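Take a look at the structure set out below.
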Amino acid sequence: MRAVSLPRREVAVLVGLRRPHQSRWEAEDSLEELAQLAISAGAEPAFRVLQERSLPNPRTLIGPGKAEEVRAICEEGVDLVIFDDDLTGSQQRNLEGVLGRKVIDRTGLILDIFAQRARSKEGKLQVELAQLKYVLPRLTGHGVELSQLGGGIGTRGPGETQLEVDRRRIRRRIVKIEEELEKVRRHRALLRRGRQKQALLTAALVGYTNAGKSSLLNALADAALPVADKLFVTLDPTVRKVIVPGGRVILLSDTVGFIRKLPHQLVAAFKATLEEVRASDLLLHVIDISHPDWQNQAQAVTAVLEELGAGAKPLINVYNKIDKLPSPEGVAFLARKPGSVVTSARTGTGLVDLKRTIAETLKAVEDAKARVRRLSVSARDEGHRR
């Protein structure tokens, strides 16, 4: 039996920039997250470089001396240089000229991961749209030949074939994809109206990537969604029925995970998917309580929800993964906060409390809707009498 040789993982050096307003811990934590993203994309983050600068260098983001330091590291068998900050097209080209290696930024890395994870036609279209909108401004006015881009991290995905076409054809393709995704949005709107006619209440799982949303959906709905200790495992929304106390059936959906510095191209491209968040009656904000930076992660999710126009939605904070804590009693106070539940999707701890809280919150949502309808009818009747 002939042995199958696996492709060699690209060796990467990670480069970050610490601004004056950042603590060193924050900058290093962001670089650690970049390392997890690189691993998820299939790279081996072998080296890390962090520079402190008051302002980024307009030509290369990092200073000339630090660029030379990175260039020397590249001689140690490095294939790829990944920057934690977004690069302009000119900065990317200047750095590739100085370093002699392929250079991508955080957004390009996240887009690559999404390209690998997309499975449905909708998901692939959304990733392609994000890729094309990312690539297009890097072409404008610079005469860059996309065919110069090689294979590997940062160049894969549904949009790969578009890397050989000119700007005009890319713009036409963007318009075509947006038209197709508009059809998807209209279809989703029809499905939502159908659920409303059946008086089915909906809830959506939101949270930082790898917070355990899919594991929680599996536990609540007795489902078998794929889960892994990786970033952005779930791209395509999944909806399952969940029975809450009182025998009420609700529809619970799993959504794409959020992250700090979430590329705006992705927020725009995944508008059809993220509309499920805005249309839900209730949001379950899943927080990985075992993560040392869970508070900042939760704030990042809140910021994205505000950007989506879902910041005022009824919300339950679900502090998940307590089984990973050395002393779960230390976070018991969180369970006493209104609208909060402490859980472990792996062991089942807190799931009964969570279902009860979901039922109570949705009952309050229904009561509020009923009051609005009564006031509307009353106002209409009063108008007729006049």
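The values are calculated or read from the model by the stated rules, or taken from the named source; none is laboratory data. Keep in mind the model is a prediction, meaning the values are calculated, not measured. Cβ atoms come from the backbone with ideal geometry, glycine included; neighbour counts cover every protein chain shown.
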How do the pairs read when you match residues in the range 350-375 that are surrounded by 12 or more Cβ atoms within 10 Å (Cβ to Cβ) and small (Gly, Ala, Ser) with residues anywhere that are part of a helix (DSSP H, G or I) and modelled with pLDDT under 80, using Cβ under 8 Å and keeping only pairs 6 or more apart or on different chains? Gly350/Ala335
Between a first residue in the range 241-258 that is in the same structural domain as Leu362 (by TED's automatic domain parsing) and a second residue that is assigned to a loop (DSSP other than H, G, I, E, B) and of a type in the set (S, T, N, Q), which pairs have beta carbons less than 6 Å apart while being 6 or more apart in sequence or on different chains? Asp254/Thr234; Gly257/Thr209
Residues that are modelled with pLDDT under 90, among the β-branched types (Val, Ile, Thr) and either buried (at least 19 other Cβ atoms within 10 Å of the Cβ) or outside the structural domain of Lys261 (by TED's automatic domain parsing) (or both): does the range 312-326 have at least one? no
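Here's the yes/no breakdown for (1) of a type in the set (Lys, Arg); (2) closer than 17 Å to Ile259 by Cα; (3) not in a helix (DSSP H, G or I):
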site: Ala298; (1), (2), (3): no, yes, no
site: Glu306; (1), (2), (3): no, yes, no
site: Ala312; (1), (2), (3): no, no, yes
site: Asp323; (1), (2), (3): no, no, no
site: Gly330; (1), (2), (3): no, no, no
site: Phe333; (1), (2), (3): no, no, no
site: Lys337; (1), (2), (3): yes, no, yes
Which numbered condition in (1) over 25 Å from the mean Cα position of the chain (by Cα); (2) more than 20 Å from Ala219 (Cα to Cα); (3) of a type in the set (Gly, Ala, Ser) is the only one that Ala359 fails? (2)
